[in-house]
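In what follows, a single structure is set out as structure tokens and then discussed.
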Amino acid sequence: MAAPDFPRPAAPRSRRRLAIALVVLGVLVAVRVSLPEVLRRVIESKASTALGRQVRLDDVDLGLVAGRVLLKGLAVGGPGADSRAAQGPASEVVRCQSAGAQIAWLPLLHGRIHLREIALVSPMLRLDRNPDGGLAPLVLAPSTPETAPEKESGGGVDLAIDRLALDAAQLRLVSVPDGAPIAELRFEQLVVGDLSMHQGVFGVGDVALRGPELQVQSDRLAAQKPEQQAVASAAPSQAPAPPEVATEPPKDRVKDLHIQGARFVWRLPDGEAVNAELDVHAQDLGLGAAQFPLEVRLTTDDAKLALEGKLAPQPLRFDGSFKWEGVRLDRIVKLAPEPPVKIASGRSDGSLEIALRLGSKSPDEPAGVHLQGDLRVRELDLATPDGALSLRWKDLALALGELELPLDGAGAAPEVHLTKVALEAPQLEFTLQPAPAAKTTAPAPAAETPAPAAPEEKATPPPHVQVDALELTDGAIRFRDTTVRPPVDTSLRDLRIRAQNVRWPERDVSNLVLTAKGQHAASLELKGSLKGGAGNLGLELRELPLATFDPYAAKASGLAIEQGRLTLRSQVALGADRMGAKSTVSLHELRVSERESGWFQQSFGVPLDVAIALLQDLHGDITLPVDVEQGADGTQVGIAAAVTAALRQALMGALAAPLKLLGTVASSAGSAFSTGVDAIPMDPGEDEPGAEGDDRIGALADLLRSRPGLHVALVGRADASDDPALARRDLIARAKAGQELPGADELGFFERRRVKSALAEADPEQPDSLDAETRSALDRLAGHVQVGDSARQALAQARAKSVAQSLQQDHDIPADSVTIESGAGAPGVAIELRGSNQ
């Protein structure tokens, strides 16, 4: 049986199919090989045209089956889309080693875009800041988009991205045109997971940032030129403001945000680099009103900061805590372009509970800040730039019971409640410096049009401050005044202040005690309490050296203070509309002199040395009671003027008191005195005081005993009224000497012999004991005697000696306190008060 005959396939048809397959495969291979290059050129051309910059792309790699696209060597350079000039790193604003994406094909069948991954390796973005502070645009020649017909919204793009990763990224901010770096941000990796957009709602799953490093040149942050600042701050044209558009709160939520080990380098203007590391963790965060947990931790070389709590962006609300440790205040103040103070050192620690509300329209939660907690500042050392004021302390501890800061614009006063304030070892130094010489500047040109008046702002009421307990220990204050010559330099040490229940502006304080020690043996003590600004204060200032303040005495008076100490004891009564002080001023071992001779006497009518002697007591001290009273009708008079008037009144009273011991204040002339005390009268020709004179001598002795520094000059006086008595004494003396008597030839022979014999036996001091005929003849003969000045001076001298002997023998006045002088005048002894140094 023969085998069956099967038909053979036609060889030509198989070969054709194979050929077609090979051709198709070749075409596909050719397309696959040529497509990346074509795409590269198209991307370069289109992107360069769109951006106005030269775009360079090294290679395009496609994985069509896997849905993968990889761009290699992407770079965006300087301006000029058609430029073929070489582009280097210095001109590149965007650079990326590779940018890849992988898409899932099947979701496209359902109208969804699902990217499994977008990965950028070594991306770099450079932002250029112009001199006016604005950023140069990345797109230099934007194309005008074609107007497309409007379509009804279909709910937006439905997009999902499983993973977005940026590896070894770099963001730079530089200045134009010099290219100097301002800030640079680098990080090892940024990964964002589960990004989605569905019907206008954008969602983010996990965000992780690893190894960021930020470097900032803080001195270049504010490099804007003044002329650009003026332009930028100029008022805009009168264009209508765009209408406000109400928008719904965004619904975006991020499931988890985690930034770990973010490193920053902040370069201060002086070149110091501050290294910092940041950790951020937040869960289920969004931009709406719902609060989400947030933790932020920042660690620098020697400081730690931590913010923990719950945050809601719209409206802004935060409830949580802020803690810090070892924060260096000298670094913080360097961040300001022109800091008001210089801080050499200072560290702060603290912990605050925070409740923040901004933009809230609810009456139950008004906008404001509520704080409470504790904070400390240690080893602070600050000073003003001119060195006029410096402040240092060892430790400041504040226990903040509550701080309420309203932010709703209603004008409510801030409330500050400190349960305790403790300041240890503060040292305050203040130097009063001469004002700098005024610089001559050209007058500013007149403005063409007046500037519009600024709207009046509602004045913010002063804060209400309450301090339960205040304690300052081991303080020191130093004051220097270089505006006077010689410069004044004085200080207080061992300053201590304790007070309770301090309130402002109520002006309440209870149990206030202030003590301090001054130079040499000086000390200060202040005690008292106030309620509503009313109360009593006791002040005692002891043994204050006065020579230090001589330059101020030179300004206020013509006195020079050579030595002396002051003690002030004062009881001050403060009322709602009055002030009264009863004080005692004591001056110890005061020695002053006049810069202008006669100044003191012109002001007070008493020579300075006499005034000092009159004022000093047995111990050499001067005590003045000074009372100051100032009521509501005296508010126009400054307290300094009131004290000055009280001091003058006290001085005049103190000078008048000892003079009254003599029974009178002679020649009172307004507010000035005269030391011309009434003379001790004597009968013509007599050199002994009468009964009235003895009383005056006793009063003078009492004054000299009470004022050891006082010296008295006894000036005996005689004039023509004493001549008859002096002539009679001269005739008696001649008769006793057997001499001829002037005018005796007018007497008869027997009368002349009788008178001469009677006068020879008479007592010169008792001429009245003669018989009537002899006295009559003696008076006639006395008219012929010429009394000379020497006789009058001898009588004046005798009168002064008699008073001096009475003071010394009858009243035990030291001889060195009395000076005997003679002069012309009515019969008697004048009293001149002098200082012991005259």
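The values are calculated or read from the model by the stated rules, or taken from the named source; none is laboratory data. A quick note: this is a predicted structure, and the numbers were derived from the prediction, not measured. With ideal geometry, Cβ positions are generated from the backbone for all residues, glycine too; neighbour counts draw on all protein chains shown. All accessible areas refer to the heavy atoms of the entire protein, side chains included, with ligands and DNA or RNA removed. Shrake-Rupley method; radii C 1.70, N 1.55, O 1.52, S 1.80 Å.
Here the 3J(HN,Hα) profile of the range 538-552, calculated from phi with Karplus coefficients 6.51, -1.76 and 1.60 at θ = phi - 60°, is x, 10, 9, 10, 10, 6, 7, x, 9, 4, 4, 9, 4, x, 6 Hz, Gly and Pro shown as x. P(r) for the range 366-430, from all Cα pairs and a bin width of 5 Å, is 4, 15, 17, 14, 14, 15, 12, 7, 1 %, short bins first.
Multiply the residue gap between Ala422 and Asp284 by 0.36 nm, knock off their C-alpha separation, and tell me the result in nm, one decimal place. Please list the in-between numbers first.
Working: separation 138, 0.36 × 138 = 49.68 nm, distance 4.26 nm.
Extra length from Ala422 to Asp284 when fully extended: 45.4 nm.
Solvent-accessible area assigned to carbon and sulfur over the range 760-838 amounts to 42 percent, based on a 1.4 Å probe.
Could you order the peptides 722-731, 541-550 from most to least packed, using the average number of other C-beta atoms within 10 Å per residue? Walk me through the numbers on the way to the answer.
Working: 722-731: 21.6, 541-550: 17.4.
Taking the mean over residues of other Cβ atoms within 10 Å, the ranking is 722-731, 541-550.
Maximal additional length on extending the Thr483-Asp745 stretch stands at 85.8 nm, based on 0.36 nm per residue less the C-alpha distance. Karplus-derived 3J(HN,Hα) values for the range 562-567, using 6.51 cos²θ - 1.76 cosθ + 1.60 with θ = phi - 60°, are 8, 6, x, 9, 10, 10 Hz; glycine and proline are entered as x. Model label points for Glu117 and Ala691, set 7 angstrom from Cα along the Cα-to-Cβ axis, are 13.5 nm apart. Only alpha carbons enter this Debye calculation for the range 674-810, each as an equal point scatterer, and the log10 of I(q)/I(0) it gives at q = 0.11, 0.14, 0.20 Å⁻¹ is -0.51, -0.71, -1.11.
Annotation: amide H-H contacts under 5 Å for Gln427 (H modelled 1.01 Å from N, sequence separation of 5 or more, or interchain): Arg392, Trp393, Ala476. Bridgeable aspartates and glutamates around Lys801 (alpha carbons under 12 Å apart, same-chain partners fewer than 8 residues away excluded): Asp687, Glu688, Glu821. Could you tell me how far the Cα centroid of the range 167-191 sits from the Cα centroid of the range 714-780, in Å? Using only Cα atoms, the two centres lie 129 Å from each other.
Can you give me the C-alpha center-to-center distance between the range 782-797 and the range 256-304, rounded to a whole angstrom? Taking the Cα centre of the range 256-304 as reference, the centre of the range 782-797 is 112 Å away. PRE reach from Asp178 (point 7 Å along Cα→Cβ): which of the range 106-138 fall under 19 Å by backbone N? Of the residues in the range 106-138, 127-136 have backbone N under 19 Å from the label point off Asp178.
Bridgeable aspartates and glutamates around Lys72 (alpha carbons under 18 Å apart, same-chain partners fewer than 8 residues away excluded): Glu37, Glu44, Asp58, Asp59, Asp61, Glu92, Glu117, Asp167.
For the range 721-737, the Karplus equation 6.51 cos²θ - 1.76 cosθ + 1.60, evaluated at θ = phi - 60°, returns couplings of 5, 8, 4, x, 5, 5, 5, 4, 5, 5, 5, 5, 5, 5, 5, 5, 8 Hz by residue, with Gly and Pro reported as x. Computed about the Cα centre, the dipole magnitude for the range 695-838 is approximately 180 debye when only Lys and Arg (+1) and Asp and Glu (-1) carry charge, each at its Cβ. Full extension of the chain segment joining Met197 with Glu773 gains 192.1 nm, where the gain is 0.36 nm per residue of separation less the Cα-Cα distance. With viscosity 1.567 mPa s and temperature 4 °C, the Kirkwood radius over alpha carbon pairs of the range 451-594 converts through Stokes-Einstein to a diffusion coefficient of 71 µm²/s.
Residues whose amide H falls under 5 Å from that of Glu277, counting only those 5 or more places apart or on a different chain, are Phe264, Thr299, Thr300, with hydrogens built in the peptide plane.
Which of Lys323/Lys420; Lys394/Lys420; Lys342/Lys517; Lys527/Lys555; Lys420/Lys527 have a Cα-Cα distance over 23 Å? Present the calculation step by step, with values, prior to reporting the outcome.
Values: Lys323/Lys420 19 Å; Lys394/Lys420 17 Å; Lys342/Lys517 29 Å; Lys527/Lys555 32 Å; Lys420/Lys527 20 Å.
Flagged as over cut-off: Lys342/Lys517; Lys527/Lys555.
Put a dot 7 Å past the Cα of Ser529, heading toward its Cβ, do the same for Asp763, and the two dots end up 7.9 nm apart.
Distances between placed amide hydrogens fall under 5 Å for Gly67 paired with no residue 5 or more residues away or on another chain.
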